[in-house]
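Below: the structure, in structure tokens.
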Amino acid sequence: MTLIVSPCETCPADQRTAMIPANAAKLIGCGADVLVESGLGAGCGYSDDQYREAGTLVSTDRQELFTQADLVLRIHKPTVDEIKLLKKGAIHVSFLDPFAERELIKALQDSQVTSISMEMIPRTSRAQKMDALSSQASLAGYVMVLQAANRLNRILPMMMTPSGTIKPARVFVIGAGVAGLQSIATAKRLGARVTAFDTRAVVAEQVESLGASFLKIDLGETGQTEDGYARQLTPEQLARQLQGQADEIARSDIVITTAQIFGRKPPLLVTRDMIRRMSPGSVIVDMAAQTGGNVEGSVAGKTIETDGVSIIGSGNWSGRVCRDASDMYSNNLLNLVNEYWDKEQQTLQLALDEDILSGCVITHAGEIVNETIRKLYDA
């Protein structure tokens, strides 16, 4: 019988969990045993007793979890020491950041652990239910607007009062992917006047359907990848974008940047000169601060002030609404397991040439089997 394990996350600022009691019960119903570390769901309101009532085993021995596991389900990447505890042939599923974690991927390869990177789930219709990047990004878009609103020195909606009319705050969202679209929708619900820009002109209709204006900048030919991500701009195109959005940034009360290029450093979209043109008390939220930043001078994990403008780069966006974030991520994992669960053998059966798995399985049987990551490391 397959033993599915979920350890506690070790990042103190992140209270999310990869396994909620309801989904543990569903996995047990499929014929698996489920073992979780004591305190697994405490940060988002799930007690050990709730896991026990769902039929799971609860352990206080963290090492035992890794040494016994057939399948590990978690959020954050493992340590090298944790990988060494896993038995040969075990399957480890989490966010792995495989483009930047050579040592980690090498350790998974050497230990002959099959690793699945949740960042690498393809953006296809069939894989949508497993797409953890999108589920967490949607919550991040909501959280970023609330953080900006709490920091701003004025209200977002228009308000008519006996002493006069307060104009709505202006919000500019750069990047209309999942996080950007949710930021737009949230800012509109709060009554702000919203403008957005994306290098993919095809998303203009989506932006406008949410009640926002789409800023038109002629960049020439751009487009998107097969997975729906924006293609990297040429230096000339990026210079046009910066020039075209400078005035919109200057008149905005809140600027939210969500532009990230998968596997690469994010583009610089807001310069110090642009920040200087903004009114004191304005707020910028840099979603990409943790990986290099869209905003000049932003600091990962912190909120700073530059020329009277607050720049929020705190990160852990979805973790700030950890209950819903946990439910959504756990559902993504459950859908992944259900997709490849063999009911007769009561175990996970992975066909590595299958379209979803070929994109997200990184290591297997002592080899790097993901073509993109293998080429990167061989380069």
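The values are calculated or read from the model by the stated rules, or taken from the named source; none is laboratory data. Predicted model only: the values in this text are computed from it and were never measured. Positions of Cβ are backbone-derived with ideal geometry, glycine not excepted, and every protein chain shown enters the neighbour counts. Accessible surface areas use protein heavy atoms only, side chains included; no ligands, DNA or RNA. Shrake-Rupley method; radii C 1.70, N 1.55, O 1.52, S 1.80 Å.
Laid out as a table, the results:
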| quantity | calculated |
| --- | --- |
| Contour minus Cα-Cα distance for Gln243 and Tyr377 (0.36 nm per residue) | 44.6 nm |
| Range of Cα positions in the range 43-101 per principal axis (Å), largest first | 38, 24, 16 |
| Taking all pairs of distinct alpha-carbon atoms in the range 283-379, Kirkwood radius in angstrom | 17.1 |
| Ratio of Rg to Rh over the range 1-145 (Cα coordinates, Kirkwood Rh, two decimals) | 0.96 |
| Amide H contacts under 5 Å for Val285, placed H, 5+ residues apart | Val255, Ile256, Thr257, Ile312 |
| Binned Cα-Cα distance frequencies in the range 81-153 - 10 Å width, integer % | 17, 33, 26, 17, 6, 1 |
| Cleavage-rule hits, trypsin sites (Lys or Arg not before Pro), the range 121-202, DSSP coil, Cβ neighbours within 10 Å at most 11 | Arg126 |
| Additional length obtainable on full extension of the chain from Asn338 to Asp49, 0.36 nm per residue less Cα span | 101.5 nm |
| The range 44-103 and the range 128-188: distance between their alpha carbon centers, rounded to Å | 34 |
| Value of Rg/Rh across the range 110-190 [Cα atoms, Kirkwood radius] | 1.23 |
| For the chain: relative contact order, % (alpha-carbon pairs under 8 angstrom, 6 or more apart) | 18 |
| Modelled FRET efficiency - R0 30 Å, Ser213 with Gln128, Cβ distances, 0.05 increments | 0.60 |
| Per-selection Kirkwood Rh - the range 218-371 (Cα, Å, 1 d.p.) | 18.7 |
| Contour minus Cα-Cα distance for Ala22 and Leu57 (0.36 nm per residue) | 11.2 nm |
| Share of Cα-Cα pairs in the chain lying beyond 38 Å, as whole percent | 24 |
| Interchain or long-range residues, amide H under 5 Å from His92's placed H | Val72, Thr114, Ser115, Ile116 |
| Tail weight of P(r) past 12 Å, computed on alpha-carbon pairs of the range 232-279, percent | 65 |
| Antiparallel bridge percentage (DSSP; both residues within the chain; nearest 5) | 30 |
| From phi via Karplus (6.51, -1.76, 1.60), per-residue ³J(HN,Hα) for the range 288-302 in Hz, x at Gly/Pro | 8, 4, 5, 10, x, x, 8, 10, 5, x, 5, 10, 4, x, 9 |
| For the chain, accessible area per residue (1.4 Å probe, heavy atoms of protein chains only), Å² | 45 |
| Under 5 Å, built H, 5+ apart or other chain: amide partners of Thr303 | Gly313 |
| For the range 1-72, the spread of Cα positions along each principal axis, largest first, Å | 34, 24, 16 |
| Ordering of 276-285, 351-360, 19-28 by packing [mean C-beta count within 10 Å, highest first] | 19-28, 276-285, 351-360 |
| Square roots of 5 times each gyration tensor eigenvalue, C-alpha, the range 112-253, largest first, Å | 31, 21, 13 |
| The range 281-344: trypsin sites (Lys or Arg not before Pro) in DSSP loop, at most 15 other beta carbons within 10 Å | Lys302, Lys343 |
| Heavy atoms of Asp70: accessible area, 1.4 Å probe, square angstrom to 10 | 50 |
| With Cα atoms, 0 to 90° folded angle of helix 322-339 axis to the chain main axis | 50 |
| Phi to ³J(HN,Hα) by Karplus 6.51 cos²θ - 1.76 cosθ + 1.60 over the range 82-93, Hz, x for Gly, Pro | 5, 4, 5, 7, 6, 7, 4, x, 5, 10, 10, 10 |
| Selected from Thr199, Thr258, Thr291 as most flexible by GNM, with the chain as the system and alpha-carbon contacts under 10 Å | Thr291 |
| Relative contact order (%) - criterion: Cα under 8 Å, at least six apart; region: the range 16-144 | 17 |
| Within the accessible area of the chain (1.4 Å probe), percent carbon and sulfur | 48 |
| Alpha-carbon spread of the range 169-285, three principal axes, descending order, Å | 37, 31, 25 |
| Relative intensity, log₁₀ I(q)/I(0), of the range 325-379 from a Debye sum that treats every alpha carbon as a point, q = 0.24, 0.25, 0.29, 0.31 Å⁻¹ | -0.98, -1.01, -1.10, -1.14 |
